[in-house]
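Chemist: One structure follows; several queries about it will come next.
Laboratory data are not the source of any read-out in this text; all were calculated from the coordinates shown. Quantities reported herein were computed from a predicted structural model and do not represent experimental measurements. Because the Cβ atoms are built from the backbone with ideal geometry, glycine has one as well, and the counts that use them run over all protein chains shown.
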Amino acid sequence: MKLLSGDPEWRHFTAMDEYYQNCPLPTWVGWYMQHLPHWFQATATGATLVMELVIVFLLFFPRHFRLICFWVVTPWEMIVILTANYTFLNYLVLALGFLLLDDQFLWRFAPQRFTESHPSLRQGWGTLESSNEANAPSVRGIPARKRDALTYALSTLCLSWVFYATTSELVHMVWREAPIPYAPVAVLEPFRVANQYGLFAVMTRGRYEIEFQGSNDGQNWTAYPFRYKPQRVDEPPRIYAPYQPRFDWNLWFASLGSWQQNSLVPLTEERLLKNSRDTLSLFGGNPFAQSPPKYVRAVLWQYWFTSMQQKRASGLWWRRQLLGLYAPVLTINADGKFSAVQWPEPLPPHE
């Protein structure tokens, strides 16, 4: 996906230069990684492509290659977890990596009392399993050997089906008109087994943040504090994965488009005009606890990490610039209907 997207940042090895500040929900570790020199960022870009295009295929090779894959992917995923909040995604990859470890590798970590009581396992844990299978009784009249054959046949069918769906999606990424029957893939679609999703196929060019503000006079505005996403410039970005703050997460995606494409934003404005308890629970506090504000608006900021010198001098983690009104300023009329008192002007290009 990274190569097929045509994004020049991957081809010019600049994809990581501003990645840490522009990812959906950055961390304080990412702030420091951002300030490493360009040669490091270019090396990380190249290493990413090598790992995703070459290293991961080692899982299909003999055990020594699989172990190499494990020792490359595992620390890599740990670094990603520390430098960006991708919720549970990297934890899933981290867990899958342990399936690359076989019995021979894991034996050295088994407790001594276990190895002493099962000496036959030193030649492989499968030894004991094989002996148990030989003496396994029949179940409901089905011999153990026949039952195992049926189990293997069903497993082979299911895994082959999944393999076909995954391979089909991969082929269609490169050759969209490939004459591959799609019906088997469509049957599995409700289970989300495979798709053509590619993380960071096109790198985000800037960090934009939507902020909700309330006012009683239309002149003085007070911001609603967020729980997770960047807002205050003096607060360090935190690490909270694998938890996924879906509200903050989706606002990052909304910031890259228009409010017409993201009904989440004007609907949130409407709920804030009514002091909706469920909506307010998504925020870090309610500056209008006594009564809801008369007006609510959503503005768009652009954020940047501060430099090392700026942070040492001011203690600030971020600097930001107001780009303008993101969504209409809303109010509630006497009849209880919502109306817009101000419409946003076209914002400068942002992606």
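Chemist: Can you work out which of the residues in the stretch 171-193 that are free of Cβ contacts under 8 Å to residues at least 12 places away in the same chain and surrounded by 11 or more Cβ atoms within 10 Å (Cβ to Cβ) is nearest to the chain's Cα centre (by Cα)?
Modeler: Applying the filter and picking the extreme gives 189.
Chemist: While we're here: Among (1) surrounded by 18 or more Cβ atoms within 10 Å (Cβ to Cβ); (2) over 20 Å from residue 325 (Cβ atoms), which single condition is residue 246 missing?
Modeler: Residue 246 satisfies all of (1) surrounded by 18 or more Cβ atoms within 10 Å (Cβ to Cβ); (2) over 20 Å from residue 325 (Cβ atoms) except (1).
Chemist: Moving to a separate point now. Does the stretch 304-329 hold any residues that are out of contact with any His (no Cβ under 9 Å at 6 or more places or on another chain), within 19 Å of residue 344 (Cβ to Cβ) and surrounded by 15 or more Cβ atoms within 10 Å (Cβ to Cβ), and which are they?
Modeler: Result: 320, 325, 326, 327, 328, 329.
Chemist: Right, next: Residues of the stretch 76-93 being in contact with a helix residue (DSSP H, G or I) (Cβ under 9 Å, 6 or more places away or on another chain) and surrounded by fewer than 17 Cβ atoms within 10 Å (Cβ to Cβ), which ones?
Modeler: Passing the criteria: 78, 79, 82, 91.
Chemist: Counting only residues that are out of contact with any Asp or Glu (no Cβ under 9 Å at 6 or more places or on another chain) and either polar (S, T, N, Q) or outside any strand (DSSP E or B) (or both), how many does the stretch 314-351 have?
Modeler: Selection size over the stretch 314-351: 18.
Chemist: Mind listing whichever residues of the stretch 206-250 are within 23 Å of residue 305 (Cα to Cα), of a type in the set (Gly, Ala, Ser) and assigned to a loop (DSSP other than H, G, I, E, B)?
Modeler: 206, 241 - these are the residues of the stretch 206-250 that are within 23 Å of residue 305 (Cα to Cα), of a type in the set (Gly, Ala, Ser) and assigned to a loop (DSSP other than H, G, I, E, B).
Chemist: Which residue out of 205, 277, 227 is of a type outside the set (A, V, I, L, M, F, W, C) and closer than 30 Å to residue 49 by Cα? Let's see the steps before the verdict.
Modeler: Working: 277 fails: closer than 30 Å to residue 49 by Cα; 227 fails: closer than 30 Å to residue 49 by Cα.
That would be 205, the only listed residue that is of a type outside the set (A, V, I, L, M, F, W, C) and closer than 30 Å to residue 49 by Cα.
Chemist: While we're looking at this one, here's another question. What's the number of the only condition in (1) in a loop (DSSP other than H, G, I, E, B); (2) surrounded by fewer than 18 Cβ atoms within 10 Å (Cβ to Cβ); (3) under 25 Å from the mean Cα position of the chain (by Cα) that residue 203 fails to meet?
Modeler: (2)
Chemist: Return the only residue of 288, 226 being hydrophobic (A, V, I, L, M, F, W, C) and either surrounded by fewer than 19 Cβ atoms within 10 Å (Cβ to Cβ) or over 29 Å from residue 92 (Cα atoms) (or both).
Modeler: 288
Chemist: Return the residue satisfying two criteria in turn: it lies in the stretch 285-313 and is free of Cβ contacts under 8 Å to residues at least 60 places away in the same chain and among the small types (Gly, Ala, Ser), and of such residues it is farthest from residue 20 (Cα to Cα).
Modeler: Filtering the stretch 285-313 for residues that are free of Cβ contacts under 8 Å to residues at least 60 places away in the same chain and among the small types (Gly, Ala, Ser), the one farthest from residue 20 (Cα to Cα) comes out as 291.
Chemist: Could you give every pair whose Cβ atoms fall below 9 Å, whose first residue belongs to the stretch 1-14 and is in contact (Cβ under 8 Å) with a residue 60 or more places away in the chain, and whose second residue is among the hydroxyl-bearing types (Ser, Thr, Tyr) and in a loop (DSSP other than H, G, I, E, B), counting only separations of at least 6 or pairs across chains?
Modeler: Listed by first residue and then by second, the contacts come to 1/197.
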